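Trainee: Just passing along the structure, written as structure tokens.
Every number here is computed from the coordinates shown, using simple stated rules; none is lab data. Remember, it's a predicted structure, so these values are computed and weren't measured experimentally. Here the Cβ is made from the backbone with ideal geometry for all residues, glycine too, and neighbour counts use every protein chain on show.
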Amino acid sequence: ILPTRLRGSGAQYVGPYRLEKTLGKGQTGLVKLGVHCITGQKVAIKIVNREKLSESVLMKVEREIAILKLIEHPHVLKLHDVYENKKYL
């Protein structure tokens with residue numbers, strides 16, 4: 001996921017989501033609260049820095065994404081979108 005800043009603003013965005021407080025940290029990345037700029041919907045946004053992961057851990061993260069795209073269950077978080085570039089996933 002690629003956090004971006006708007007000019008003249010200290011706010012960071014991922015797609016249509018404004019990043020707010022940090023919800024947690026783990027081996028593969030940081031989880032932040034995201035708020036949709038138009039709807040106000042709150043989501044958890046996981047930010048993964050590819051450069052800090054080994055190839056095997058990066059493969060596990062990519063497998064997690066592939067599985068989450070397939071699963072629809074009331075007790076499993078829904079994956080809405082994936083934004084990526086060379087540095088972030």
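Trainee: Under 7 Å between Cβ atoms, which residue pairs at least 6 apart in sequence (or on different chains) link something in the range 18-42 that is within 17 Å of Lys78 (Cβ to Cβ) with a partner that is of a type in the set (Phe, Trp, Tyr)?
Mentor: Gly34/Tyr17; Val35/Tyr17; His36/Tyr17
Trainee: Something else about it: Name the residue that is surrounded by the most Cβ atoms within 10 Å (Cβ to Cβ), counting only residues in the range 35-61 that are under 13 Å from Asp81 (Cα atoms) and not hydrophobic (A, V, I, L, M, F, W, C).
Mentor: Here the answer is Lys46.
Trainee: Could you list, in sequence order, all residues of the range 45-56 that are within 16 Å of the chain's Cα centre (by Cα) and either in a helix (DSSP H, G or I) or aliphatic (A, V, I, L, M) (or both)?
Mentor: Passing the criteria: Ile45, Ile47, Val48, Arg50, Glu51, Lys52, Leu53.
Trainee: Do you know which residues across the range 24-44 are assigned to a strand (DSSP E or B) and aliphatic (A, V, I, L, M)?
Mentor: Within the range 24-44, Leu30, Val31, Leu33, Val35, Val43, Ala44 qualify.
Trainee: Can you pull out every residue in the range 14-34 that is surrounded by 13 or more Cβ atoms within 10 Å (Cβ to Cβ), over 22 Å from Lys86 (Cβ atoms) and of a type in the set (Gly, Ala, Ser)?
Mentor: Within the range 14-34, none qualify.
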